[in-house]
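What follows draws every value from the coordinates through simple rules; no lab data is involved. This structure is a prediction, so every number in the text was calculated from the model and none was measured. Methodologically, a virtual Cβ is constructed for each residue, glycine included, from the backbone with ideal geometry; neighbour enumeration extends over all protein chains shown.
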Amino acid sequence: MAEGIIRYSEDHSSSVPLFIRLCGTMEEKGNQMLKEAGFPVFDDLDEAIKKAADSKRGGHDNGHSH
């Protein structure tokens, strides 16, 4: 999953911020890959939702745009 997100962002320009929370098999490795690629990664779904809502309201932390 993480490899696909990274590869897609490299191949497609987007102004849409991403707020990523992974869970499941190889979660730790995927999170590390995404962090190294510069994506905001959240351990808690509620935190990711709050950051996305803040971004929509014009908050300063608006995720990652490629």
Most exposed to least, judged by fewest other Cβ atoms within 10 Å, 34, 18, 45 sort to 45, 18, 34
Relative contact order (percent) for region 2-56, with alpha-carbon contacts under 8 angstrom and 6 or more residues of separation?
40 percent
Of (1) 4, 21, 35, 27, 11, 2, 1; (2) 3, 18, 28, 24, 18, 7, 1; (3) 3, 16, 17, 14, 11, 9, 8, 6, 6, 4, 3, 2, 1, 0, which is the value of P(r) over Cα pairs in 5 Å bins from 0, in percent derived from the coordinates here?
(2)
Proximal aspartates and glutamates relative to residue 51, as straight alpha-carbon distance under 19 Å, when same-chain residues fewer than 8 apart are discounted
43, 61
Under the Karplus curve 6.51 cos²θ - 1.76 cosθ + 1.60, θ = phi - 60°, whole-Hz ³J(HN,Hα) for region 35-40, x wherever Gly or Pro sits:
4, 5, 7, x, 8, x
Count charges around residue 31 for me, please; just the other residues with Cβ under 15 Å from its Cβ, Lys/Arg as +1, Asp/Glu as -1.
-4
